[in-house]
Amino acid sequence: MVALREVEAPPATAHETKYHVAKGGSGSALDIADFNLWYGPKQALFDNTLSIESGLVTALIGPSGCGKSTLLRSLNRMNDLIDGLTVRGSVSLQGVDIYARSTDVIALRKRMGMVFQKPNPFPMSIFENVIYPLRIDGVRARSILVETAERALRGAALWEEVKDRLDESALGLSGGQQQRLCIARAIVGDPEVLLMDEPCSALDPIATARIEELIDELAGSYTIVIVTHNMQQAARVSQNTAFMYLGRLIEYGETQRVFTDPVAEKTSDYITGRFG
Amino acid sequence: MTAITAHEGKAMAGAPARLRRQGVDISARGEPFLWGLGGALAFGVVMILGFLFIVFWNGATTFWPGPIDLVTLTAGERIAGEPTRSEDYRPTTSQLAELDDATRARIAARDGFATRTLYRVGNFDIYGEDFRWVSDFQVSRREQPADLALVERLEWGVFIGQIKAVTVDDKAVETATFATAHKVARQRWLRIADIERDEIGAVNHRMEQGRLEVRRAELDHGKSSPAYARIAAEVAKREQSLGIDYAKLSAEAQRLRAEAARTRLTLAEIGGKEKTIPLSAVVRLYPANALGPMDKLGVYLSRWWEFLSDEPREANTEGGVWPAIFGTFAMTLLMVIVVAPFGVITALYLREYARQGRLVTIVRISVNNLAGVPSIVYGAFGLGFFAYILGGSIDQFFYPERLPSPTFGTGGLLWSSLTLALLTVPVVIVATEEALAAVPRSMREGSLACGASKWQTILNIVLPRAMPGIMTGLILAMARGAGEVAPLMLVGVVKLAPELPIDGIFPYVHLERSFMHLGFHIYDVGFQSRNSEAGKPMVFVTTMLLIALIATMNASAIVIRNRLKRKFVGSQF
């Protein structure tokens, strides 16, 4: 599925490494180094290098097709599902190279929760949805399951709304509730990193506000990487922001600085709405 | 509309010619085509409804007791029978020549047509025919006397005539006690059938078992070994006690038979010829012209009950079809049990695991093509491969003592089910593949992102979600399989098999037995029986039953599917 391929590296642009200094948290959780990715013959990511700080919220922004989702999905190897995918470079989680041959993808994914663009609860009860990651690990003890489910639902600010109907189908929840359920499912296994791929794009403003509050609450406990189309959202929820354009990382730094005082011309054009 | 006037043409000189015509072309309007499409649909629906109506009308009315007409012909002859149907026909010149002028003139006025009625006269043992055409111009009088009765007998079909007497040991008894006498006689007859089939059958079975044990010992140890001698002696002892049981049972049957023969019913046909039969040979007897609506309903329901619960009689044209219902049901169920895992596993591999390339495409095309192979080809394959090769080997290894008579080495329920499973597996594969492909990618990704392996994702998320689609495939397979007849004729369906594949004799389920099938029963009754006119109503009733059986099985599968759908698919916000 994933084959490492030696390809001549495209020349690095002048300011590519210059602006890549982010606000320091308690060390880096994910280190992405010279990461390239090809869908078949088409290259989607070019020499991305950035460190995602532990315990902070990092936003990936950029116009459609810039590769921000691809980069995010490379972090837990969700891209493995795609035929004809090639990567070069490295991504490491706490020093472990996730693209190494010896890495167990399943174990890796258990260390990273992921929330998708569209809420994707499973066709099961709310309870079963939340504890799905535990079920597949073979946890049977009812008391542990109940306790963990409650903790995760509280963590996802959904407990009060669903505590009386845990056995009802998750498909009966509203879109916002479904997305928070997916967040609960993502954090139930206590992962180190939470990956969010435009988690609010299918939600109304009120549900979006709730999810943003939730992201604030979760920051600190988890390292969060969030892809968003919405620059206000990135400004509101993240401490660090990376701006990508055409598969290249253009600028990466503290959110406030990136939005108020962008160094690269492309970044300033994008955040002022000149394109995108 | 598109014409450009000279004036305009001059004005537009040099400008590019207008490419699009103005106005709307007929081909852009949907309505005429809509009418065509709707018409085609309506035509299809009318055909299906018409088909169902004909089958159900004929099927539902078959068992309703009709009146018996007593027809006096101009020639003086008297005929009693149930009118079956009427039609217009053109009498031949020789027939016309025998008629008087007035009648001839009437026929001529109708362009040479006359009307005739088909009467079911019964009494095949006396007349040599069951049905008789009577032309209207032959009839001088029609009446429906109350004393005419219709008697359904175990042999020779129905008798139509008068009841003369009920006698016990040649002494006449009150005909008022007929009903009770008949009930007793029928119960006695059922008891005889019980003894002769089930109890003596069980004894015979155990005797056969003993013989096979001896044969087995001979094959295993040789005829001169001590083991053989021991088993032979044991079996001989058992056989002796079985012989006593057998004698007892057959004596009991003899006694009952003798007793049954004492009560006799004397009947007279309309011409006066008398016929005496044992009362126990009468299945049903009713005075056709003296029945009230409730009596008729009673006869109707009792006939239906007999049809659904009894075994066939009289070369399948009378009696019931219970063994055929059971056989059809058992075979279809077994087929689904076999085809479901095979089809689903194949589709899972093709869709989820196999590398999508040229090979998989070829496999997929071949599977689709298999669905179009004529079913009789599967029958020939089933006979050659399942029955002769597989079954023959099973006989060699597990039932050598029964050879040369085959156990699994001939057609049977198991081989029929497997053959039909093979026939329907493409349908299941195609449907399952589509159901799997329709599972949203987001579901799989959600599960994988939780750290589930591919197999866990398939088991926990993909399969439950695809289940309604898989069920649809199974329903289609079931409908096709239950209605299939041609291959079954080669691999296990027979004209008459009163022994059901499940009974009280160890090992209770006998998958090697041949069985009856409603589809084949229709063919057999309609086209292989002595009298097609007598078989025709049974064809309709059996067809109706087959349709009802398939509809019931499909309906239950659909109910299950919808339940699954509600559970696993739901509505996405």
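Looking only at the range B:272-323, count every residue that is surrounded by 14 or more Cβ atoms within 10 Å (Cβ to Cβ) and assigned to a loop (DSSP other than H, G, I, E, B) and tell me the total.
Of the residues in that region, 10 qualify.
Of the numbered conditions (1) more than 14 Å from chain A (Cβ to nearest Cβ); (2) in contact (Cβ under 8 Å) with a residue 12 or more places away in the chain; (3) more than 20 Å from B:Pro487 (Cα to Cα), B:Leu383 fails exactly one; give the number of that condition.
For B:Leu383, the failing item is (3).
Only one of (1) farther than 25 Å from B:Ala179 by Cα; (2) under 29 Å from the mean Cα position of the chain (by Cα); (3) among the β-branched types (Val, Ile, Thr) is not met by B:Ile244, so which one is it?
Result: B:Ile244 fails condition (2) only.
Out of the strands (runs of 3 or more DSSP E) lying entirely within the range A:26-80, which hold 2 or more residues that are outside the structural domain of A:Leu249 (by TED's automatic domain parsing) and surrounded by 21 or more Cβ atoms within 10 Å (Cβ to Cβ)? Show your work before the answer.
On the way: elements: A:28-39, A:42-53, A:57-61.
In the range A:26-80, A:28-39, A:42-53 are the strands (runs of 3 or more DSSP E) which contain 2 or more residues that are outside the structural domain of A:Leu249 (by TED's automatic domain parsing) and surrounded by 21 or more Cβ atoms within 10 Å (Cβ to Cβ).
Can you pull out every residue in the range A:129-142 that is over 19 Å from B:Pro440 (Cα atoms) and either of a type in the set (Gly, Ala, Ser) or more than 7 Å from chain B (Cβ to nearest Cβ) (or both)?
Answer for the range A:129-142, where residues must be over 19 Å from B:Pro440 (Cα atoms) and either of a type in the set (Gly, Ala, Ser) or more than 7 Å from chain B (Cβ to nearest Cβ) (or both): A:Val130, A:Ile131, A:Leu134, A:Arg135, A:Asp137, A:Gly138, A:Val139, A:Arg140, A:Ala141, A:Arg142.
Mind checking which residues of the range A:178-210 are more than 9 Å from chain B (Cβ to nearest Cβ), buried (at least 22 other Cβ atoms within 10 Å of the Cβ) and either under 16 Å from A:Glu160 (Cα atoms) or in contact with a Cys (Cβ under 6 Å, 6 or more places away or on another chain) (or both)?
If the condition is that a residue be more than 9 Å from chain B (Cβ to nearest Cβ), buried (at least 22 other Cβ atoms within 10 Å of the Cβ) and either under 16 Å from A:Glu160 (Cα atoms) or in contact with a Cys (Cβ under 6 Å, 6 or more places away or on another chain) (or both), then A:Gln179, A:Arg180, A:Leu181, A:Ile183, A:Ala184 are the ones that fit.
Restricting to the range B:342-375, what's the tally of residues that are more than 14 Å from every other protein chain (Cβ to nearest Cβ) and among the aromatic types (Phe, Trp, Tyr)?
So the count comes out to 2.
Within 17 Å of B:Ala477 (Cβ to Cβ) and either of a type outside the set (Ser, Thr, Tyr) or at pLDDT below 80 (or both) - does that describe any residue in the range B:401-415? Lay out the reasoning, then the answer.
Filtering the range B:401-415 down to residues within 17 Å of B:Ala477 (Cβ to Cβ) leaves none.
There is no residue in the range B:401-415 that is within 17 Å of B:Ala477 (Cβ to Cβ) and either of a type outside the set (Ser, Thr, Tyr) or at pLDDT below 80 (or both).
Kindly list the number of the only condition in (1) under 17 Å from B:Gly451 (Cβ atoms); (2) at the interface with chain B (Cβ under 9 Å from one of its Cβ atoms); (3) out of contact with any helix residue (DSSP H, G or I) (no Cβ under 7 Å at 6 or more places or on another chain) that fails for A:Gln117.
The failed condition is (1).
Scan the helices (runs of 4 or more DSSP H) fully inside the range B:453-527 and keep the ones with 3 or more residues being aromatic (Phe, Trp, Tyr).
Working: elements: B:454-457, B:463-483, B:486-491, B:518-527.
Counting at least 3 such residues, we get B:518-527.
Among the candidates A:Ala156, A:Ala170, single out the residue that is more than 13 Å from every other protein chain (Cβ to nearest Cβ) and either closer than 29 Å to A:Ser74 by Cβ or in contact with a strand residue (DSSP E or B) (Cβ under 9 Å, 6 or more places away or on another chain) (or both). Step through it out loud before you land on a result.
Working: A:Ala170 fails: more than 13 Å from every other protein chain (Cβ to nearest Cβ).
Just one listed residue meets the conditions, A:Ala156.
Within the range B:107-137, take every residue that is aromatic (Phe, Trp, Tyr) and in a strand (DSSP E or B) and give me the one that is farthest from B:Glu87 (Cα to Cα).
Step one: filter the range B:107-137 for residues aromatic (Phe, Trp, Tyr), giving B:113, B:119, B:124, B:127, B:131, B:133, B:137.
Still in the list and also in a strand (DSSP E or B): B:119, B:131, B:133.
Values: B:Tyr119: 12, B:Phe131: 15, B:Trp133: 10 Å.
My answer is B:Phe131.
Determine which single condition B:Gly44 fails, assuming it passes every other condition in (1) at pLDDT below 90; (2) not in a loop (DSSP other than H, G, I, E, B).
That leaves (1) as the condition not met.
Would you mind stating whether B:Leu564 is among the aliphatic types (A, V, I, L, M), crowded, with 22+ Cβ neighbours inside 10 Å and at pLDDT 80 or above? Quick ask: steps written out before the conclusion?
Working: among the aliphatic types (A, V, I, L, M): yes; crowded, with 22+ Cβ neighbours inside 10 Å: no; at pLDDT 80 or above: yes.
No; evaluated as a whole, the condition is false for this residue.
Filter the range B:256-271 for residues that are in a helix (DSSP H, G or I) and not hydrophobic (A, V, I, L, M, F, W, C) and give the result.
Result: B:Arg257, B:Glu259, B:Arg262.
Please find, within the range B:404-444, the residue that is surrounded by the fewest Cβ atoms within 10 Å (Cβ to Cβ) out of those that are under 21 Å from B:Gly382 (Cα atoms) and without any contact (Cβ under 8 Å) to a residue 12 or more places away in the chain.
The first filter runs over the range B:404-444 and keeps only residues under 21 Å from B:Gly382 (Cα atoms), leaving B:404-429.
Within this subset, residues satisfying the condition of being without any contact (Cβ under 8 Å) to a residue 12 or more places away in the chain are B:404-405.
On the way: B:Pro404: 6, B:Ser405: 9.
That would be B:Pro404.
Of the numbered conditions (1) within 14 Å of chain A (Cβ to nearest Cβ); (2) touching an Asp or Glu at 6+ places or on another chain (Cβ under 8 Å), B:Leu413 fails exactly one; give the number of that condition.
Single failed check for B:Leu413: (1).
Residues that are in contact with a strand residue (DSSP E or B) (Cβ under 9 Å, 6 or more places away or on another chain), aromatic (Phe, Trp, Tyr) and within 21 Å of A:Thr70 (Cβ to Cβ): which strands (runs of 3 or more DSSP E) entirely in the range A:209-259 hold 1 or more of them? Write out each step before concluding.
Values: elements: A:223-227, A:240-245, A:248-254.
It comes to A:240-245, A:248-254.
The values are calculated or read from the model by the stated rules, or taken from the named source; none is laboratory data. Note that the structure is a prediction, hence the values are computed from the model and not measured. Backbone-built Cβ (ideal geometry, glycine too); neighbour counts: all protein chains shown.
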